[in-house]
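So the structure is just underneath, and the comments pick up after that.
The values are calculated or read from the model by the stated rules, or taken from the named source; none is laboratory data. Since this is a predicted model, take the numbers as computed values, not measurements. Every residue, glycine as well, gets a Cβ built from its backbone with ideal geometry; the counts of neighbours run over all protein chains shown.
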Amino acid sequence: MILYDYYRSTASYRVRMALHLKGQPFQTVAVNLKEGEQQSASHLKVNPQGLVPALDIDGEVYTQSLAIIEYLDETCIGAPLMPKDEEGKAKVRAIAHMISSDLHPLNNLRVLNYLENNFQITAQQKQDWYSHWVHQTFQALEDLTPHNAEFLHGNHLTMADICLVAQMYNVERFNVNATPYKKLLNIYNKIKNAPEIRRAHPDRYKPKDL
Ligand SMILES: N[C@@H](CCC(=O)N[C@@H](CS)C(=O)NCC(=O)O)C(=O)O
């Protein structure tokens, strides 16, 4: 498997966690988002959306992190990343989409760049924009999460937790205060130390020349 990846991309990080949890060996091709490599002709051939991640499995390319995670879950042995029951699956997908469909796209690099380049927003306004959308989703997630929960749903790590870990990494990177979200932090702080999760950490995928 070849993962088209950028170390700080939260969507790529989600897929790396799934691959490590499934014990799947993979190679990475670094696509430097800061240098705009996602728009290069060679990357657009891989993913015409100009985004990472993309996962090449025997010449077939899969995109969209949640679709990839569910595909890996259904086709690979290893720790299950989704509940078995349909109700549980719907709950996990709903949480994952709160992060990946509602929060993440608003704070994606291309959106932040567009705001900076076309509306000349200041660094402070960019920070406010970023934090605003994080707080809105995190408050709802915190309200949804049961007290003393070990995972966002059920009794094992799922795609929902994978989305949380990646988003929390980004929240720390952007210095957003996550302390009000005690239940989310509790889950994150436990999960982030699991060996498979540590193996997927952005620091381990930072290209040497960066
Ligand atoms: N919904 C997509 C989102 C993919 C995405 O937005 N990736 C970001 C990095 S986290 C990207 O490639 N951004 C490039 C850009 O904004 O130009 C997924 O979950 O895979």
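Observations, loosely collected:
- The residues of the stretch 58-85 that are within 14 Å of the ligand (Cβ to nearest atom) and either touching a Lys or Arg at 6+ places or on another chain (Cβ under 9 Å) or more than 18 Å from Ser100 (Cβ to Cβ) (or both), listed by number, are Val61, Ser65, Leu66, Ile68, Ile69, Glu70, Leu72.
- Residue in the stretch 7-14 that is hydroxyl-bearing (Ser, Thr, Tyr), more than 14 Å from the chain's Cα centre (by Cα), outside the structural domain of Phe138 (by TED's automatic domain parsing) and surrounded by fewer than 23 Cβ atoms within 10 Å (Cβ to Cβ) present: no
- Considering only residues in the stretch 86-99 that are surrounded by 13 or more Cβ atoms within 10 Å (Cβ to Cβ) and more than 16 Å from the chain's Cα centre (by Cα), the one that is farthest from the ligand (Cβ to nearest atom) turns out to be Gly88.
- The residue that is farthest from the ligand (Cβ to nearest atom), among those in the stretch 1-13 that are part of a strand (DSSP E or B) and touching a Pro at 6+ places or on another chain (Cβ under 8 Å), is Leu3.
- Leu55 satisfies every condition listed in (1) more than 22 Å from Asp161 (Cβ to Cβ); (2) within 15 Å of the ligand (Cβ to nearest atom) except (1).
- Filtered by the rule that a residue be part of a helix (DSSP H, G or I) and either near the ligand (Cβ under 8 Å from one of its atoms) or under 22 Å from Arg199 (Cα atoms) (or both), the stretch 14-50 gives Arg14, Val15, Arg16, Met17, Ala18, Leu19, His20, Leu21, Gln38, Gln39.
- Filter result for Tyr114 (near the ligand (Cβ under 10 Å from one of its atoms) and in a strand (DSSP E or B)): no
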